[in-house]
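Trainee: Quick one: structure below, then a few questions.
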Amino acid sequence: MAKQQIPNAEDARQALESIQEMAQSARKRAQPPKWFGIVVALLAGSMVALAVADLRKWQVLSILIIGIVTAYQGQKTRVAWTAYPLKALLLAPLLLVPLYILLVYVGQQITGAIGQWPAALVAGGALAAAVYSLSVYERSLFSRPDQGASTR
């Protein structure tokens, strides 16, 4: 029976550093770029603005563009959804869906006071700011060594 060699401390340290470098590389590859958060925020804001302005038929265009941008980004990074932090995946729909409904309602209610387009822009801008803030939070999760693509 062959005797197993026990690695020395230097070899073990180099192996750990190599693993940490690979994990950092995976986190960096999975992290969405800034432009992605900005585009999705603007498109989500446009959906609220169109709903408040009573132009709901044009929301389909925003939804299609969000789908195209998301598919492009997924194809570009080739990272599975399981690589994303679980906090961000759960927080987004739980926060944004009720906020979308609330902002459409509030925007429609303030239309009489400030006008249809200003109300639409205020409500759309509020959702765009919320989506962008969530995007910034998600990017911060990827920059932490204990989060991102290597852990859930």
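Every number in this text was worked out from the coordinates using simple rules, so none of it is lab data. The structure displayed is predicted, hence computed values, not measured ones. Glycine also receives a Cβ, built like all others from the backbone with ideal geometry; neighbour counts cover every protein chain displayed.
Trainee: Please arrange 22, 47 by counting, for each residue, the other beta carbons lying within 10 Å of its beta carbon, fewest first.
Mentor: In increasing order of surrounding Cβ atoms, one gets 22, 47.
Trainee: So how do 56, 139 line up by other beta-carbon neighbours within 10 Å, fewest first?
Mentor: Neighbour counts put them in this order, fewest first: 56, 139.
Trainee: Provide 62, 135, 18 in ascending order of the number of other Cβ atoms located within 10 Å of each residue's Cβ, fewest first.
Mentor: 18, 62, 135
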